[in-house]
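Please read the structure below before turning to the comments.
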Amino acid sequence: LSILEKNSERQVKLALLLGMKSMDCDTLTKQLNDTKKTLLSDIVFFNHTYSPVVVEIDQYQITTLKIPNDMNLEDLIKKILNHSTNVQILKTIFTEEPHLSKLAEKLYLSETSIRRIVLKMNTYFSQKKWPITIKIASHLQIIGNESFVRHFFCSMFREIYKPQQLPHFEYIFDLLRRYHKKKHTYTSISTYKLILNSYYFYTSIIRIWKA
């Protein structure tokens, strides 16, 4: 969660806490380590942004998360993550390597704001001693240890995309399935493993294409 901006981090925590059980506002405020004013403001934002999911507060100040039957908590978390500015920045830089001005225009932010966010991310990577950096040059680029970069973004894509939401998933999955059938290894690999490999394959193709 530390890679997220504060607002998105609070939204994820709010969803996870209320996803376990309803609780009164005071307890929820303590759990989130926030003020009640911030909590109420976050709930207004939450209900506006993630509808039809809604956080309700009854007359006894009990806060409840209401999720439609065709969604679950995992779907909600992915929705919050996809709405995160930091996640959008990382995803766009990784897949497109855009000019700073184009990224700012796409996300309706100033170039100064983008630079500040990138600097915070690089500081976080450095503190974690992760071999990955966002380079600000003519194009914004992800650089670092190639194996780590691929696994980092593979993990991120798994967090923000369900398999069917991953770009070109059906094509990639079918390609990997046909590969294992040709190598006579299809019976020894699970569907779950094929799905995981699809995320990594997608990530690797982008890195090879951008090399």
Practice task
With the Cα gyration tensor of the chain in hand, give its eigenvalues times 5 under a square root as the equivalent ellipsoid semi-axes, listed largest first in whole angstrom.
Solution key: 34, 25, 14
Practice task
With all protein chains present, calculate the accessible area of Asp58 using a 1.4 Å probe and round the result to the nearest 10 Å².
Solution key: 70 Å²
Practice task
Could you look at the chain and say what percent of its accessible area is carbon and sulfur, using a 1.4 Å probe and all protein chains?
Solution key: 53 percent
Handout entry: Most positive-pole-ward Cα, Val149, Leu176, Tyr161, against dipole of the stretch 131-184 from beta carbon charges
Key = Leu176
Exercise for the section: Averaging over all projection directions, find the projected area of the Cα convex hull of the stretch 120-205 and quote it in nm² with one decimal place. Expected result: 7.1 nm²
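Evaluate the relative contact order of the stretch 82-183 (contact order divided by residue number), counting alpha-carbon pairs under 8 angstrom at least 6 apart; express in whole percent.
It rounds to 20 percent for the stretch 82-183.
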Handout entry: Cα principal axis extents for the stretch 1-55, largest first, Å
Key = 27, 23, 22
Problem - C-alpha center-to-center spacing [the stretch 70-142, the stretch 144-170] in angstrom - result: 14 Å
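On a 1.4 Å probe surface of the protein chains, which of His48, His168 comes out largest in accessible area, and what is the full order?
Ranking His48, His168 by accessible area, largest first, yields His48, His168.
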Fill in the blank from the handout: Full extension between Lys128 and Thr38 adds, at 0.36 nm per residue less the Cα distance, a length in nm of 29.5 nm
Practice task
Using DSSP to define loop residues, name the trypsin sites (Lys or Arg not before Pro) in the stretch 12-115 whose beta-carbon has at most 12 other beta-carbon atoms within 10 Å.
Solution key: Lys21
Practice task
Please work out the Kirkwood hydrodynamic radius for the stretch 1-102, using every pair of different C-alpha atoms, and report it in angstroms with one decimal place.
Solution key: 14.6 Å
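The values are calculated or read from the model by the stated rules, or taken from the named source; none is laboratory data. Predicted model, so just to flag it, every value in this text is computed and none were measured. Virtual Cβ from ideal backbone geometry, glycine too; neighbours counted across all protein chains shown. The area values use the complete protein model at the heavy-atom level, side chains included, leaving out ligands, DNA and RNA. Shrake-Rupley method; radii C 1.70, N 1.55, O 1.52, S 1.80 Å.
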